[in-house]
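Each remark here refers to the structure printed beneath this line.
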Amino acid sequence: MVQARLRVQKQGNGHCTNVPRNVNLEKLQSNYLFPEISKREFQHLDKYPNAKVISLGIGDTTEPIPEQITLSMANYACALSTSDGYRGYGAEQGNQALRKAIAETFYKDVLIKDTEVFVSDGSQCDISRLQLLLGSKVTIAVQDPSFPAYIDSSVIIGQAGDFQDKTGKYQNIEYMQCGAENNFFPNLATTPRTDIIFFCSPNNPTGHAATREQLQKLVEFARDNGSIIIFDTAYSAYITDDSPKSIFEIPGAKEVAIEISSFSKFAGFTGVRLGWTVVPEELLFSSGFPVINDFNRIVCTCFNGASNIAQAGGLECLSSEGFQAIRSVIDYYKENAKILVDTFSSLGLKVYGGVNAPYVWVHFPGSKSWNVFAEILEKTHIITVPGSGFGPGGAEYIRISAFGQRERIIEASRRLQKLFSQEKQPLLNSV
């Protein structure tokens, strides 16, 4: 550390304090995945300033939010300039009417109470709050592949060991293999016990929605081992078959699970920022202390509540008219996904997802995903996401997002078909 400080001072980069860097942050591998994708997109635009880049990478919604929803937010904002309409701080746990609407809309049949719903500024923020709740001493398991925030937040909070270059994994994290070879569900018979199990369904990036039978096994596994499941349902609105949309559809789940969800991909609130977490009263720590009490303390300490304006929009999303309008936007993205699935399938590639989720997971056997990403970007000006960014289980895959305007999805399909026909063989087989 002393040598590093002397080197900085010698280079003229400024004064060094005597405060050491957080050792957990030192363990993180380079940048977080999605800012890294953005950086490479900017580099590509510097190289090809006139290129018409199509982004099918970062899962950011593109279609306008239905007018009745934005109007509800605008009316709330305008009312703040009147004496009768002005409101300051709201409850840290969220607007009572919105909490009740979330419980009735998504959890009526499983008897979740509105007091068990905590409104937030998005599920990714809630992942970090849950990590504060759990602390650094717990052991964790994640799907492989899975959303990188589960792993990165675990590293930051101090649950993980050092990164192993050979395996592409962090020590002290259990990576549960969830690939096509096992129907995207881990072999629980060989999975070691951990305190916490992060599980996303429909999965980001594979798009697989866990079946009822699979989730029954997961809940039974957690109950047998005294574990807690952190169940991420950010994409549940895209489920069209009979796969459960909530872990609480499974008997016994209230005693072993917390559920996080979001308005981001469901209602186009990626920039508005609104989500929720459900912590059942039945969920207890090993001491018998209710988990909900500690989570409430974390929320009240670390959060001043979601924007009242955003919550007004969220409430309108769950009205009958608002919900119907949102469903049409979801159907639009699902049609985009079908176009992309059909495109890659017609080219002889194995394609997964795109049915119960807005992501398409494409296999390039024998290839390295960052090379596939770079080749597609260089030759088609299309942004994708390399599968290895989601864990070693994604090393031969790329993720394609169905969020986009229809004409751009069609144009991207045309470019990809042209590229593959020129290659004669599945892309990068020889790389």
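Couple of notes before you dig in:
- Sum of side-chain charges, Phe263 neighbourhood, beta-carbon under 13 Å (Lys, Arg +1; Asp, Glu -1): -1
- Karplus-derived 3J(HN,Hα) values for segment 259-274, using 6.51 cos²θ - 1.76 cosθ + 1.60 with θ = phi - 60°, are 10, 10, 8, 7, 8, 4, 8, 7, 10, x, 9, 4, x, 6, 6, 7 Hz; glycine and proline are entered as x.
- The chain - charge dipole about Cα centre, Lys and Arg +1 at Cβ, Asp and Glu -1, debye rounded to 20: 1340 debye
- Neighbourhood net charge (9 Å Cβ-Cβ; Lys/Arg +1, Asp/Glu -1) for Ile112: 0
- Stokes-Einstein translational diffusion, segment 67-319 - Kirkwood Rh over all Cα pairs, 1.567 mPa s, 4 °C, in µm²/s: 69 µm²/s
- Surface share of carbon and sulfur [accessible, 1.4 angstrom probe, percent] for segment 212-322: 46 percent
- Protein accessible area in segment 1-150, 1.4 Å probe - carbon and sulfur %: 53 percent
- Span from the segment 127-148 Cα centroid across to the segment 323-378 one, whole angstrom: 27 Å
- Accessible surface computed residue by residue for the chain, with neighbouring protein chains in place and a 1.4 Å probe, gives 46 Å² per residue.
- 3J(HN,Hα) couplings calculated from phi for segment 236-250 with the Karplus curve 6.51 cos²θ - 1.76 cosθ + 1.60 (θ = phi - 60°) are, in sequence order, 5, 5, 8, 6, 10, 9, 8, 5, x, 8, 9, 5, 6, 6, 8 Hz; Gly and Pro show x.
- Of Lys217/Lys254; Lys166/Lys217; Lys338/Lys418; Lys47/Lys338; Lys52/Lys334; Lys254/Lys334, those spanning more than 22 Å from alpha-carbon to alpha-carbon: Lys166/Lys217; Lys47/Lys338; Lys52/Lys334; Lys254/Lys334
- Take every Cα pair under 8 Å whose residues are at least 6 apart in sequence, average their separation, divide by the length of the chain, and the relative contact order is 21 percent.
- Taking 7 Å steps out from each Cα toward its Cβ at Thr167 and Arg21 produces label points 2.5 nm apart.
- Look at the alpha carbon pairs under 8 Å that are at least 6 residues apart: their mean separation over the length of segment 67-319 gives a relative contact order of 26 percent.
- The protection proxy used here, the mean number of other Cβ atoms lying within 10 Å of each residue, ranks peptides 158-164, 411-417, 386-392 as follows, highest first: 386-392, 411-417, 158-164.
- Cut-off 13 Å between beta-carbons: net charge of the residues surrounding Phe199, Lys and Arg +1, Asp and Glu -1: -3
- Take the Cα radius of gyration of segment 199-314 and divide it by 2.2 N^0.38 Å, N being the number of residues; the result is 1.14.
- Translational diffusion of the chain, µm² s⁻¹ [Kirkwood Rh, Cα pairs; Stokes-Einstein; 37 °C; 0.692 mPa s]: 143 µm²/s
- The fraction of all Cα pairs in segment 296-416 landing in successive 5 Å bins from 0 to the largest distance is 2, 10, 16, 17, 14, 10, 10, 10, 8, 3, 0, given as whole percents.
- Rg of the Cα atoms in segment 70-139, relative to 2.2 N^0.38 Å, amounts to 1.45.
- When the Cα convex hull of segment 33-171 is projected onto planes of every orientation, the mean area is 14.3 nm².
The values are calculated or read from the model by the stated rules, or taken from the named source; none is laboratory data. Bear in mind the structure is a predicted one, so any value in this text is a computation, not a measurement. Because the Cβ atoms are built from the backbone with ideal geometry, glycine has one as well, and the counts that use them run over all protein chains shown. The accessibility values were calculated without ligands, DNA or RNA, using every heavy atom of the protein model including side chains. Shrake-Rupley method; radii C 1.70, N 1.55, O 1.52, S 1.80 Å.
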